[in-house]
There are 2 protein chains.
Amino acid sequence: MKNSVCAIIAAGGSSRRMGGFDKLFASLGGKPTLARVLDAFQACGRVDRIVVVVSQDNLTKAQELVSGKEWPKVSEVIVGGERRQDSVANGLAKLNDCEWVVIHDGARPLVTPGLIERGLEAARESGAAVAAVPVKDTIKLADPKGFVLGTPPRGNLWQVQTPQIFRYDILAAAYRNLTEDVTDDAALVEKAGFKVKLYAGDERNIKITTPNDLAVAEALL
Amino acid sequence: MKNSVCAIIAAGGSSRRMGGFDKLFASLGGKPTLARVLDAFQACGRVDRIVVVVSQDNLTKAQELVSGKEWPKVSEVIVGGERRQDSVANGLAKLNDCEWVVIHDGARPLVTPGLIERGLEAARESGAAVAAVPVKDTIKLADPKGFVLGTPPRGNLWQVQTPQIFRYDILAAAYRNLTEDVTDDAALVEKAGFKVKLYAGDERNIKITTPNDLAVAEALL
């Protein structure tokens with residue numbers, strides 16, 4: 001189907017930093033964090049289809065969650081790989097009929113339909129757009145012993161979030177050349193030589209990686 | 001007095017991003033944020049003296065706050081300059097009898113005595129130490145139009161906080177050469193050719209710059 005927009009919810013992580021407490025199913029305002037992500041993508045009129053990528057350990061639980069009728073756009077729940085990028089690659093393999101791919105962290109439950117839509121709009125020109133907010137704190141580059149090597153000018157630095165939106169052919173080409181470890185999908189696309197545009201993210205769109213973050217997300221809700 | 005440790009609380013900002021709501025006197029768990037900062041420095045056994053630097057607008061209010069007996073280490077409240085570094089320079093001018101200077105943002109109310117002490121310990125070898133936490137999100141370097149120029153490896157990047165601790169003579173030398181705008185004091189010290197060591201900060205030690213941050217700090221308390 002042409003013009004279709006497919007979302008990959010990357011939720012294959014192991015919640016190592018949560019002390020055994022699974023961030024995907026942790027209750028946030030009385031609802032699992034993953035359910036909040038699915039609510040936003042279901043409510044976004046531009047999104048046609050959702051693929052959820054989870055760890056082997058979470059497969060049954062995630063399948064149970066989506067078995068109801070709340071999120072009809074979810075077409076499948078699949079198992080991810082070892083690294084984040086392996087999980088996205090598994091999702092991408094299911095989506096060869098899409099024109100646009102929206103990748104989102106399963107651990108960013110405060111995403112909104114508006115944030116997804118703005119990303120699709122921003123990606124129209126260059127084919128790749130990434131939500132980002134200005135870096136607030138000073139960032140230092142340091143050597144492995146903790147001595148400062150330099151302070152890059154803060155005005156040029158952005159803190160990247162998801163959604164990250166790519167034209168399917170660009171993302172597929174970037175993933176075909178995949179070799180090194182990266183921390184976000186845009187880095188692969190950059191390495192493959194494509195232009196990536198930043199668009200205005202949301203300070204509230206935080207990533208849950210520690211129990212502290214969950215308390216913060218409760219406060220932001 | 002030799003071996004003395006003096007703190008400069010840099011609170012000269014104008015709270016522009018708070019929509020008229022002053023972050024210094026905003027109530028956090030029933031107490032002004034500035035009072036929480038003073039509590040931590042008063043309670044830290046290694047700190048001998050505290051100088052508070054505020055904007056002209058906040059001078060009377062800050063003087064009233066410290067006029068009680070809660071924080072006997074506060075020796076004066078003075079008015080800052082236009083930029084953060086001007087405020088610190090004004091504070092520094094009062095401290096020529098100190099051996100160590102601890103600079104702290106007035107807008108980081110969740111600082112603890114332990115965090116201050118660890119910084120003084122870390123500064124002993126190189127003469128300069130800065131609290132920092134690992135960067136969690138991917139950081140992008142972008143051009144002014146928002147196109148990504150690169151993704152520096154996240155493992156080498158640190159998000160800097162305060163306290164920032166300096167031997168007095170190092171900080172004074174760095175400030176004598178002061179010309180460019182910087183976003184933290186360590187950057188001046190680095191530019192002057194001194195070594196700066198990062199030490200383990202605290203994820204909870206956030207900076208209040210928006211009303212959102214205040215809600216987050218409430219949750220972290």
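General observations
- Scanning the stretch A:52-61 for residues that are of a type outside the set (D, E, K, R) and over 19 Å from A:ALA89 (Cα atoms) returns a single hit, A:THR60.
- For the stretch B:146-179, the candidate set comprises residues that are part of a loop (DSSP other than H, G, I, E, B) and more than 25 Å from B:LEU120 (Cβ to Cβ); within that set, the residue that is modelled with the lowest pLDDT is B:THR179.
- B:ASP105 more than 8 Å from chain A (Cβ to nearest Cβ), touching a strand residue (DSSP E or B) at 6+ places or on another chain (Cβ under 7 Å) and acidic (Asp, Glu): yes
- Filtering the stretch A:168-212 to residues that are closer than 30 Å to A:SER27 by Cα, crowded, with 21+ Cβ neighbours inside 10 Å and of a type in the set (Asp, Glu) leaves A:ASP184, A:ASP185.
- Evaluation of A:LYS140 against (1) surrounded by fewer than 19 Cβ atoms within 10 Å (Cβ to Cβ); (2) over 30 Å from A:GLU99 (Cβ atoms); (3) facing chain B (nearest Cβ under 10 Å) (one fails), failing number: (1)
- Against the criterion of being within 19 Å of B:ASP22 (Cβ to Cβ) and among the basic types (Lys, Arg), B:ARG84 qualifies.
- Those residues of the stretch A:166-198 which are touching a residue at least 40 places away in the same chain (Cβ under 8 Å), at the interface with chain B (Cβ under 7 Å from one of its Cβ atoms) and not hydrophobic (A, V, I, L, M, F, W, C), in sequence order: A:THR183, A:ASP184, A:LYS195, A:LYS197
- B:ALA128 small (Gly, Ala, Ser), buried (at least 21 other Cβ atoms within 10 Å of the Cβ) and within 22 Å of A:VAL135 (Cα to Cα): no
- Among the helices (runs of 4 or more DSSP H) confined to the stretch A:31-145, the ones with at least 3 residues that are over 17 Å from the mean Cα position of the chain (by Cα) are located at A:59-66, A:113-126.
- Any chance B:THR162 is among the hydroxyl-bearing types (Ser, Thr, Tyr) and either more than 10 Å from chain A (Cβ to nearest Cβ) or in contact with an Asp or Glu (Cβ under 7 Å, 6 or more places away or on another chain) (or both): yes
- One residue alone among B:LEU214, B:LEU221 is more than 8 Å from chain A (Cβ to nearest Cβ) and within 22 Å of B:GLY12 (Cβ to Cβ), and that residue is B:LEU214.
- Taken over the stretch B:143-153, the residue count meeting the criterion of being surrounded by fewer than 24 Cβ atoms within 10 Å (Cβ to Cβ) and in contact with a strand residue (DSSP E or B) (Cβ under 7 Å, 6 or more places away or on another chain) is 7.
- Enumeration of residues in the stretch A:129-154 that are touching a residue at least 12 places away in the same chain (Cβ under 8 Å) and among the small types (Gly, Ala, Ser): A:ALA129, A:ALA131, A:ALA132
- Of the residues making up the stretch A:100-139, those that are farther than 20 Å from B:THR138 by Cβ and modelled with pLDDT of 95 or more are A:TRP100, A:THR112, A:PRO113, A:GLY114, A:GLU117, A:LEU120, A:GLU121.
The values are calculated or read from the model by the stated rules, or taken from the named source; none is laboratory data. Given the structure is predicted, the values throughout are model-derived calculations rather than measurements. Note that we place each Cβ from the backbone using ideal geometry, even for glycine, and neighbour counts take in every protein chain shown.
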